[in-house]
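**Student:** Please read through the structure below; I'll follow up with questions.
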2 protein chains.
Amino acid sequence: MNKKSLVEQIRVKQSYLCVGLDTDIQKIPAHLRHLPDPIFEFNKQIIDATIDYAVAYKPNIAFYESLGAKGWESLARTVEYLPKNVFKIADAKRGDIGNTAQMYAKTFFEYMDFDALTVAPYMGRDSVEPFLQYPDKWLILLGLTSNSGSQDFQQTEQKNGEMLFETVIRKSKEWGNTGNMMYVAGATQTVLFEKIRKIVPDHFLLVPGVGAQGGDLAEVSRFQHADCGLLVNLSRSILYASDDKDFAQKARQVAKETAEEMGKLILV
Amino acid sequence: MNKKSLVEQIRVKQSYLCVGLDTDIQKIPAHLRHLPDPIFEFNKQIIDATIDYAVAYKPNIAFYESLGAKGWESLARTVEYLPKNVFKIADAKRGDIGNTAQMYAKTFFEYMDFDALTVAPYMGRDSVEPFLQYPDKWLILLGLTSNSGSQDFQQTEQKNGEMLFETVIRKSKEWGNTGNMMYVAGATQTVLFEKIRKIVPDHFLLVPGVGAQGGDLAEVSRFQHADCGLLVNLSRSILYASDDKDFAQKARQVAKETAEEMGKLILV
């Protein structure tokens, strides 16, 4: 999906909600567990329930991998099920040397039809570039993450006075453009968003950490740009709004309320 | 596998060779491709051919993932096939927040019986610790990688005068110990190994980059410690020593020559 189509979807739905499909076999309602593919069935119902309010979906690959080949099949079915007009993010946080990065690109952009893949920056330019060779596909680089561990290295001060995440964003933005790169910026760190927007005023940010992790939607939303420029992810607070037969209905309710709040804050 | 057993294997085989199973369906000999599981068949023959000379095997997960559920099955069969007395490394370079890291640990340490997993440090302590909760399992953290992109961030200078990889190793070594943590240190960077050994004199280093990437075995081997403390990985130069029916025999030959060179250099 190219940038124009993404912005169009945001405008039409008046929402920049991304639903994180961190689907945990231990947490899905009991009545689904006897089905042949409970993970896919859960995802399907969540997607159906939230599609009016979400512009993006983000399966967390770890949750599927942990079920082996079967989990991988549930993931492939989920991606196929997602309609063409939503932005599909593989949250895999990959990062490896060139020939391996090409394999990852093949997996997520060819074998499965994701629009974007999250990637860790530690290994530098040649670990990033293979993902930028695909038209209308996106690389989402970890900038400043939402977890406490982001302080350990991302926020260490460099000789040039920047924190590491600033150096990462400043250098890497030269490798792509606003139509094929986004950055992860955790909602728990909005005090540092000014620094990020100084370096990449026009890039999209993928923002996890609203909801279960405590980030504030209104605060995050101050960092929109003329094309909105935000995808705000909610996972657990939507998926597990109820652990009973009404899970999809309750998920829809949370997605609806979130999108309504976004509708009031949105600039496009 | 605990440290004592690993060191014992190195001593018995007089080798610290790790065979990287970067098995690429495009590169394996044509006569294997009609089999039901060509990837596993190739791995099986490579393992049989090299087992006398290698103490560790390291499947590169990207190569299996790129084949979807089928690739995941080939991987699971490969891990099952590996004998108990070799050290099994999942080269996956994962790294994510706590609840996701737990999923990765479950995948590679429970669903599959790997001894170790490679992890990227960018997300800090809580992305690393879940892997350290398993007895006799290891976390192998990226320190200084072998690719050109290692210069982009790993070698940027910090305010404290260290390069980033030094800060990463120095901080993270406090999270585990020499019996559950190793570091990746690329063989193309031996000029910086002195710095690494100053910080972690007693940890094992997993060293990629000898062979196809140009690193020198004798140079790397200067950085052994009293328990050897090195696992030197060769992938392409062993796997693809021949692309014909004699591939296993030729792989054995390269493994044998490498182990013989190691036998002359080894200190345990």
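**Student:** Rounded to a whole number, what is D in µm²/s for the protein assembly as shown from Stokes-Einstein with the Kirkwood radius over alpha-carbon pairs (25 °C, 0.890 mPa s)? Show your work: numbers first, answer last.
**Tutor:** On the way: Rh = 23.7 Å.
Here the translational diffusion coefficient equals 104 µm²/s.
**Student:** To the nearest 0.05, what FRET efficiency results for residue A:245 and residue A:219 with a Förster distance of 25 Å applied to their C-beta separation?
**Tutor:** Working: r = 35 Å, r/R0 = 1.40.
That gives a FRET efficiency of 0.10.
**Student:** At residue B:80, label 7 Å along Cα→Cβ: distances to the other copies, nm, ascending?
**Tutor:** Between copies, matching label points for residue B:80 lie 2.5 nm apart.
**Student:** Kirkwood hydrodynamic radius (Cα pairs, Å) of chain A?
**Tutor:** 18.6 Å
**Student:** Over region B:170-257, what is the relative contact order in whole percent, taking alpha-carbon pairs under 8 Å and six or more residues apart?
**Tutor:** Dividing the mean separation by the residue count of region B:170-257 yields 24 percent.
**Student:** Sort shortest first the distances from residue B:69 to its counterpart in every other copy, using label points 7 Å along the Cα-to-beta-carbon line, and give them in nm.
**Tutor:** Reported distances to equivalent positions: 0.9 nm.
**Student:** Determine the percent antiparallel among the DSSP beta bridges restricted to the protein assembly as shown, to the nearest 5.
**Tutor:** 10 percent
**Student:** Listed here are the pairs A:58/A:137; A:58/B:137; B:4/B:137; B:44/B:250; B:159/B:198; B:195/B:256; which of them are more than 23 Å apart at the Cα? Walk me through the numbers on the way to the answer.
**Tutor:** Details: A:58/A:137 14 Å; A:58/B:137 30 Å; B:4/B:137 13 Å; B:44/B:250 15 Å; B:159/B:198 19 Å; B:195/B:256 31 Å.
Long pairs (Cα-Cα over 23 Å): A:58/B:137; B:195/B:256.
**Student:** Pick out, in residue order, every one of the trypsin sites (Lys or Arg not before Pro) in region B:65-131 that is DSSP loop and has at most 15 other C-beta atoms within 10 Å; say none if there are none.
**Tutor:** The qualifying sites are B:84.
**Student:** A further question on this structure: Given springs between every Cα pair under 10 Å in a Gaussian network model of chain A, which of A:74, A:148, A:15 has the largest fluctuation?
**Tutor:** With Cα springs under 10 Å in chain A, the top fluctuation among A:74, A:148, A:15 is at A:148.
**Student:** Lys and Arg at +1, Asp and Glu at -1: add these up for the other residues within a Cβ distance under 12 Å of residue B:166 and post the number.
**Tutor:** Working: positive: B:170, B:171, B:173, B:195, B:197, B:198; negative: B:157, B:162, B:194.
Residues close to residue B:166 contribute a combined charge of +3.
**Student:** Now for a separate question. I want to check the label-to-label distance for residue A:77 and residue B:11. Put each point 7 Å from Cα in the C-beta direction and report it in nm to one decimal.
**Tutor:** 5.2 nm
**Student:** Most exposed first by the Cβ proxy, i.e. fewest other Cβ within 10 Å, how do B:199, A:61 rank?
**Tutor:** B:199, A:61
**Student:** Further, regarding this structure: Starting from 0 in steps of 5 Å, tell me what percent of the Cα-Cα pairs of region B:1-131 lands in each bin.
**Tutor:** For region B:1-131, the pair-distance distribution reads 2, 10, 19, 21, 19, 15, 10, 4, 1, 0.
**Student:** How many times 2.2 N^0.38 Å is the alpha carbon radius of gyration of region B:214-268?
**Tutor:** 1.27
**Student:** Using the Cβ atoms and a cut-off under 14 Å, what net charge is assigned to the surroundings of residue B:31, where Lys and Arg are +1 and Asp and Glu are -1?
**Tutor:** Summing Lys and Arg as +1 and Asp and Glu as -1 gives -1.
**Student:** Under a 10 Å cutoff between Cα atoms, tell me which one of B:21, B:67, B:234 has the largest fluctuation in the Gaussian network model of chain B.
**Tutor:** Highest fluctuation of the listed residues: B:67.
**Student:** Return a whole-number percent for the relative contact order of region A:3-265, with Cα pairs under 8 Å and 6 or more residues apart as the contact set.
**Tutor:** 22 percent
**Student:** Right, another one. Taking each label point as 7 Å beyond Cα in the direction of the beta carbon, state the distances from residue B:159 to the same residue in the other copies, shortest first, in nm.
**Tutor:** Reported distances to equivalent positions: 1.6 nm.
**Student:** Report, for region B:3-265, the % of DSSP beta bridges that are antiparallel, rounded to 5.
**Tutor:** Here the antiparallel bridges make up roughly 5 percent for region B:3-265.
**Student:** Sequence-distant or interchain residues sharing an amide H contact under 5 Å with residue A:157, placed H: which?
**Tutor:** HN-HN under 5 Å from residue A:157: B:159.
**Student:** Starting from 0.36 nm per residue, how many nanometres of slack lie between residue B:44 and residue B:151 once their C-alpha separation is accounted for?
**Tutor:** Working it through step by step, the gained length comes to 34.9 nm.
**Student:** If you don't mind, another one. Out of A:215, A:161, A:229, any idea which swings most in a Gaussian network model of chain A, alpha carbons joined below 10 Å?
**Tutor:** The residue that fluctuates most here is A:161.
**Student:** Would you give the gap between the C-alpha center of region A:16-64 and the C-alpha center of region B:97-123, rounded to a whole Å?
**Tutor:** 22 Å
**Student:** Round to a whole angstrom and tell me the spacing of the C-alpha centers of region A:193-268 and region B:163-185.
**Tutor:** First find each Cα centre; the distance between them is then 35 Å.
**Student:** Run lengths n ≥ 4 of DSSP H only: what is the helix-derived mean residue ellipticity at 222 nm for chain B, with -39500 (n - 2.57) per run over all residues, to the nearest 500?
**Tutor:** Helix-only estimate at 222 nm: -10500 deg cm²/dmol.
**Student:** Report the local net charge at residue A:240: Lys and Arg +1, Asp and Glu -1, summed over other residues whose C-beta lies under 11 Å from its C-beta.
**Tutor:** Once positives and negatives cancel, what remains is -1.
Rule-based calculations on the coordinates, nothing more; no lab input. A quick note: this is a predicted structure, and the numbers were derived from the prediction, not measured. Heads up, the Cβs are rebuilt from the backbone with ideal geometry, glycines too, and the neighbour counts pull from every protein chain shown.
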